[in-house]
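The values are calculated or read from the model by the stated rules, or taken from the named source; none is laboratory data. Note that this is a predicted model, so its numbers are computed, not measured. So basically every Cβ, Gly included, is an ideal-geometry build from the backbone, and we count neighbours across all protein chains shown. What goes into the accessible areas is simple: the full protein's heavy atoms, side chains included, and nothing from ligands, DNA or RNA. Shrake-Rupley method; radii C 1.70, N 1.55, O 1.52, S 1.80 Å.
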Amino acid sequence: MAATVTQNAITLKGSTEIVAEFFMYGINSILYQRGIYPPETFTRAQKYGLTLLVTTDEQLKKYLNEVISQIKEWLFNMTVKKLVVVIRSIDTNEVLERWQFDVECDKTALTESKPREKSEKEISKEIGSVIRQITASVTFLPLLESACEFDLLVYTDKNLEVPEAWGESGPQFIANSEEVRLRTFTTTIHKVDTMVAYKKSD
Amino acid sequence: MNHFSLENEISSAVRMDAPITRGPALRWQRKMNESGADASTSGNILNVSCGPSKTPMKSMNRSMTQSKTPSTGSSASKTPKSGGKSKTPNKPKTPIGGDRFIPNRSTTQFELGYYKLTTENAGQPDEENLDLMSPSKMEYQKIMSENLHGDLLNSKIISYKSKAPGAPEGYHNGLKVLYSSCKTPIINAKKTVRHIPQVPERILDAPEVLDDYYLNLLDWSANNQLAVCLGGSVYLWNASTGDITQLLQLETSEEYVGAVAWVKEGNYLAVGCSTGEVQLWDIAQEKRLRNMTGHVARVGSLSWNGPILSSGSRSGNIHHHDVRMVEHHVGTFSGHSQEVCGLKWSPDGRYLASGGNDNLLNIWGANVTDTSPQPTYVFSQHLAAVKALAWCPWQPSVLASGGGTADRHIRFWNCATGSCLDSVDTKSQVCAILWSKEYKELISSHGFALNQLTIWKYPTMTKVAELTGHSSRVLHMAMSPDGSTVVSAGADETLRLWKCFALDEEKKKAMKSVSKDKHNPITQRSLIR
């Protein structure tokens, strides 16, 4: 009985882990599905009841780990508001796609240490459906014909002290864009809204 | 005018608090009424304003413009000239139309004004133009910016300074295939998927064909004749006419034929015997031309390279015979420790591939007279005897090789670089391999469990078709000179002819017309017009 109780409890730390993990798999899925990196540099992994593709490129892995570990800290402090994956054409430097993860934090969890009631299974199911939508997005997103690169932007609280390795950036919006909202999931502490904006084809 | 006076009487009687000055006024008023003042004006007004005045007309005018309150008017009766001004204190909020504006301090709410000014400044310190905009415009702008930026003003946007590594040089997004319309793939699919008959076109009996993996008992000549070794005899089947002739019969019943190979032109047949002899037969005359000895064990594989005939023996040696010379034995390759069961010269004659029961695949150069020859490459990846060998007709240095029961793999080699290009597990013993001349495909024949022939797409190595029918392992294969038909010989003592690489009729026609047009530019021009 005790085991089930602990399984269904979500602490701030656990919630942070879940959201950070979602970011990791979500970004990997976007990079694979949108063909930013060659498909042969990805390997299969089982997660959220799905077969997901994660990169095997050492440099890319290192970059993602560094960024996500920093975001994890901010998730824990609840100072992060958004994470944005910007996909830019290398040739024209034009932003073609913008994946936005809005994070809503329940700040009461900062003070009270009482864990919330929600089963991990349920959360993982919710996340699974978001990832599935990311996978399905190739059906409506326009083809990225030129070679592209990606960047990660983080929206944080105004008074956050920016670490050495990070620099301020513009929002990098897409002129003339179409937006599609994807599903939302919540750990009861962090609520993550997913949205993709892409350049309207003319 | 009596009714006026009566009225005044009543009103003064009722209004007990009226000023006392009323009394005398009534008296001169009465006098004035009697003197016949203007009857058209209202009596009450006249009574009040004209009272103090000696010029009734003047005071009458003034009263018309100013006063409707007779009782107060009379109180100011001591200064009749300034009657207009003296009345202003009674009506302070409606100043008369003058040429000066005197602000009314009590109406201006200084506290509220001060508060609003200070809070506005504190609230939006950055927006300098704010007070120039109308409130509605400000509101609009606020909503717009919220829509566009979210709560941009309250957050920082930061990004990691070291950026993600770019995709490798020259990488191109391959997702285009997902976006291409469905029309073109269907057309392509029509072209690629052709009908492959699942049953053999013809079945021939091959009694007493030896069930021996290490022999090569079939070959099809350029003249469309199929040579088949049945025990100790060699039969020729003319594929054009269907005639069967027995070419030879070995002398004793213990002897058997281990290999046959047609020279490129198709007029001579080389025959390898269990005694180690290699014979050369003239087909037109049905006569043996030469008997070349040298091998100490049976000859199970033969291959021609121009006038050079190479023969592989159970001893592991490969002998090269120049059939034009009396001293026919011009060279020996010793690279195998066990029987040589696969032997093939490449189409361009630059390489000789030999496979042995020692699981080795050797690639040799073309210099057959070398005194101490060494194989260019030795491939030891196969885990069983290497019998099935075939050179790719369109890629000069690509070789396909198949392994026996313990190996079951088809492997592809680039013999120019010595690299293994690909390997595929066929799940069954590989007995023979042939490349199609027409399609980018190859066919392999197999043993247990299905005894099938498998057609593969190259280089993807996806299965195109599986041809089943043999009831025992399919040991040998040969291809017709036009490339359309494959003959297979099984241990079940049958020969089956499969028309699996049939040329597309439409394609044929198109090619014919193209070649015709090429020869005759005049017709081409006329067609355009």
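Side notes on the structure shown:
- For residue B:476, the residues whose modelled amide H falls within less than 5 Å of its own, excluding neighbours fewer than 5 places apart on the same chain, are B:489.
- Between the amide H of residue B:248 and those of B:234, distances stay under 5 Å, these residues lying 5 or more places away or on another chain, with hydrogens modeled in the peptide plane.
- Remark: segment B:204-436 projects, on average over all directions, an area of 12.4 nm² (convex hull of Cα atoms).
- Take each residue of peptide A:136-144, count the partner chain Cβ atoms within 10 Å of its Cβ, and average: the result is 2.
- Take every pair of alpha-carbon atoms less than 8 Å apart whose residues are at least six positions apart; their mean separation over the length of segment B:204-436 yields a relative contact order of 10 percent.
- Alpha-carbon gyration tensor eigenvalues x 5, square-rooted, for segment A:9-199, Å: 27, 20, 16
- Relative contact order %, chain A, counting alpha carbon pairs below 8 Å whose residues are six or more apart: 29
- Surface accessible to a 1.4 Å probe, residue B:286 within the full protein complex, Å²: 90
- Converting phi to 3J(HN,Hα) with the Karplus coefficients 6.51, -1.76 and 1.60 and the offset θ = phi - 60°, segment A:17-22 yields 4, 4, 5, 4, 5, 4 Hz in sequence order, with x at every glycine or proline.
- Note on residue B:158: accessible area is roughly 0 Å² with a 1.4 Å probe, heavy atoms of protein only.
- Residues whose placed amide H lies under 5 Å from that of residue B:494, excluding near-sequence neighbours: B:206
- Accessible surface, per residue, of segment A:9-199 when the full set of protein chains is kept, probe 1.4 Å, Å²: 45
- Cα extents of segment B:287-328 along the three principal axes, largest first (Å): 25, 19, 19
- Our note on the geometry: Cα centres of segment B:195-224 and segment A:170-202, 65 Å apart.
- Buried area at the B-A interface (accessible, heavy atoms, 1.4 Å probe, summed, Å²): 3100
- Chain A - percent of accessible surface contributed by carbon and sulfur, probe 1.4 Å: 49
- Solvent-accessible surface (1.4 angstrom probe) belonging to residue B:371, in square angstrom, nearest 10: 140
- The calculated FRET efficiency for residue A:159 paired with residue B:101, based on their beta-carbon distance and R0 = 45 Å, is about 0.35.
- Accessible-area composition of segment B:204-436, carbon plus sulfur, in percent [1.4 Å probe]: 46
- Subset of A:62/B:163; A:47/B:161; A:72/B:156; A:82/B:156; B:344/B:387 violating a 21 Å alpha-carbon distance limit: A:47/B:161
- Rounded accessible area per residue of segment B:264-411, 1.4 Å, Å²: 39
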